[in-house]
Amino acid sequence: SDHMENIYGYLMKYTNLVTGWQYRFFVLNNDAGLLEYFVNEQSRHLKPRGTLQLAGAVISPSDEDSHTFTVNAASGEQYKLRATDAKERQHWVSRLQICTQHHTEAIGKNNPPLKSRSFSLASQGSANSPGVQRRPSQNAISFFGVGHHRLPTGKRVPIMQPDHLVDVREMMSQAEGQQRDLIRSIECLPVSGHLTSLDQDLLMLKATSMATMNCLNDCFHILQLQHASQQKGSLPAGTTISWLEPKISLANHFKNGAAQNFPAEINKPASVREEQSIAEPCQLTREPEEISPDEELEDICDDKEDDLGAVEEQRSVILHLLSQLKLGMDLTRVVLPTFILEKRSLLEMYADFMSHPDLFIAITNGTTPEERMIRFVEYYLTSFHEGRKGAIAKKPYNPIIGETFHCSWRTLKSDIATDAGGNFSAHPPSEQVTLSKDLEGQTELDYYTVKFVAEQVSHHPPVSGFYAECVERNMCVNAHVWTKSKFLGMSIGVTMVGEGLLSLLEHGEEYTFSLPCAYARSILTVPWVELGGKVNINCAKTGYSASINFHTKPFYGGKLHRVTGEVKQNTTNTVVCRVQGEWNSVLEFTYSNGETKYVDLTKLSVTRKRVRPLEKQGPFESRRLWQHVTESLRDGDIDKATEHKRALEERQRNEERLRAETETPWCTKYFLKEGDGWVYHKPLWKTVSAAQTQQTDTN
């Protein structure tokens, strides 16, 4: 046909995370059904740099923009390509689809359905055949009964009619069941010995079986679209056929993914039965509980995450997990293996950002709007260092909906900065000293108290609300954060969507702020945390604002954890303070009067938070809720930690399903939905306003 001509030209091809997009010369060979590419047009007479068989391939215009498209070969190989404009993309996509359809139909005509046959690596010659060396796990494939099966008589598929889609769905359901049985059989194998569940060949078998089922589901989706287009005449304008996210939960495909079948209830540890039997949260008293700081004791827990431990031992599991993830894939619903978890909830991590309460309280002591904004920036930049527990990047527990965390801090009034110099030393970092805070023997009049409460207010999307206040200084901060995580190849990116509001009631000022993105880098070697992105702090009343850039390290050269920023008066556009340094090391503040101040975060004093003992905590407070997972991780018992974690997550899914069936809305305990955000039910600005109104009425 006229459309079956060979075409060629330059396209951009995504190579890898390092080199990114590169121009390559592509040739569509219609006769052979091949898409080939070369470094440039001059090297066309040489051997192609790459070749894709188009028979059975799927050509997908991208939703990202109007220039990008992908070629997904039946072999599993993928080319991500970009044309110069939408017209050129359509030209390539149309020709590739025509060529693909032609060669796919040719294969169907030339190859009748396979006869029933059993296949296993064990049958590929005897163990004594010359040149045949097999590992024990190859025989295991035949043990699990992997084979090809003929379709039932009468269910012919070369000509697929729309009314046969129901039969296809039924056959696919059967195949999915067999695939799940296969995975369960592999995961029931011991973790050590001659044949283990972490054997490389068995991991490959698991990955291949899942990829096959995903591919079949994608193909079935395409058939449904084609059926719909036949009924409507054509697909709606702008419709694209794209690869779907994996249909099979990743949790079912690795040992520590919390998807194993566990023994009957009678054999479960009492702690697991307790986790599963806790009543539905909405059936509990949802009235907010007032936690007295006097009930709280100084925290003695110090779980540093500096040990690779199980991460080193479970590297094959990490490799298998990575093989299932797609670039840019949303990880919100992906259950990650237990051994990469740190021993605290995400809600407690937000509390650890407040580990310098003296700097927090000192903000309101600033004598001018300019000084208060600078103090807030100083506090903001010092908060992230203590939020990380060690140099190794591990993931906090995903909070269960309804989970809460309470704590408080006490800081001596004498430690709060009143002068413009603040608590920071103006000397070089080498001359700084660590302040000691000894509250023993002090009365309530000698210290300030900062109270903190956090709650997981939503499961999908995962949104946390947290609030902190110092009543004595008439200041509070309210924030809500939606964590969106994505797979970026050799790293994982987490975007912190949301906004915080600091209220200084004494001055009638409100400061809005956002949070930077976080990245877990080098996830195959020694994972580490990096912050990135631009954040803004604004005070509408005073006209002061701050712009802070967290710089990610460039591939070549550059420093780690670099941060720069400036504070300025918006009306005059005058910069009053500049900051540079590393957010986990030394910060340098330079003021408009020429003075310079250094802050060594490694020597900056940290105030331990105060928490209630476990026995006094409610069943949905973070430490009590996750206590069995935490204890198992401390003991190095990953399997037991996984079992407890799975019980909590399964209970949450069951409760969510029940609420959906009964159309029962979730009842939050401490935070109320206001617009797009969440606000603490009794913020200080409301209680102070109410008290002032009452006093006025009395007078």
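The values are calculated or read from the model by the stated rules, or taken from the named source; none is laboratory data. In this text, all values refer to a predicted model and were calculated from it rather than measured experimentally. Counting neighbours? That spans all protein chains shown, and the Cβs are built from the backbone with ideal geometry, glycine included. These area figures cover heavy atoms from the full protein model, side chains too; ligands, DNA and RNA do not enter into them. Shrake-Rupley method; radii C 1.70, N 1.55, O 1.52, S 1.80 Å.
Cross-linked pairs Lys541/Lys568; Lys486/Lys553; Lys616/Lys640; Lys80/Lys534: Cα-Cα separations exceed 22 Å for Lys616/Lys640; Lys80/Lys534.
Across the protein chains, with a 1.4 Å probe defining accessible surface, the residues Glu403, Glu656, Glu506 rank Glu506, Glu656, Glu403 from largest area downward.
Just by accessible area at a 1.4 angstrom probe, what is the order of Thr687, Thr70 from largest to smallest? Don't skip to the end; give the middle numbers.
On the way: Thr687 55, Thr70 20 Å².
Most to least solvent-accessible, the answer reads Thr687, Thr70.
Rounded to the nearest whole Hz, the Karplus-based 3J(HN,Hα) values (6.51 cos²θ - 1.76 cosθ + 1.60, θ = phi - 60°) of the range 611-627 follow the sequence 10, 6, x, 3, 5, 9, 7, x, x, 10, 7, 3, 5, 6, 4, 9, 4, with x at glycine and proline. Summary of packing: across the peptides 208-216, 579-587, the per-residue average of other C-beta atoms within 10 Å ranks them, highest first, as 579-587, 208-216.
About the Cα centre of the range 502-586, how large is the charge dipole given +1 on each Lys and Arg Cβ and -1 on each Asp and Glu Cβ? Please answer in debye to the nearest 20. Mind showing how you got there, number by number?
On the way: 8 positive and 6 negative charges, 78 e Å.
Computed charge dipole of the range 502-586: roughly 380 debye.
Across Leu46, Leu531, the residue with the most accessible area heads the list, and the full order at a 1.4 Å probe is Leu46, Leu531. Cys301 contributes about 40 Å² of solvent-accessible surface, heavy atoms of the protein only, 1.4 Å probe. Computed with a 1.4 Å probe on the full set of protein chains, the accessible area for Arg49 sits at about 150 Å².
Taking each pair of different alpha-carbon atoms in the range 452-532 once, compute 1/r for the pair, average those values, and report the inverse of that mean as the Kirkwood hydrodynamic radius in Å to one decimal. Before the final figure, lay out the partial values.
Numbers: mean 1/r = 0.0690 Å⁻¹.
Computed over the range 452-532, the radius equals 14.5 Å.
Here the 3J(HN,Hα) profile of the range 527-534, calculated from phi with Karplus coefficients 6.51, -1.76 and 1.60 at θ = phi - 60°, is x, 9, 9, 9, 9, x, x, 10 Hz, Gly and Pro shown as x.
Taking amide H as placed 1.01 Å from N in the peptide plane, Tyr447 has its amide H under 5 Å from the amide H of Lys413, each at least 5 places away in sequence or on another chain. Note on Lys484: accessible area is roughly 80 Å² with a 1.4 Å probe, heavy atoms of protein only.
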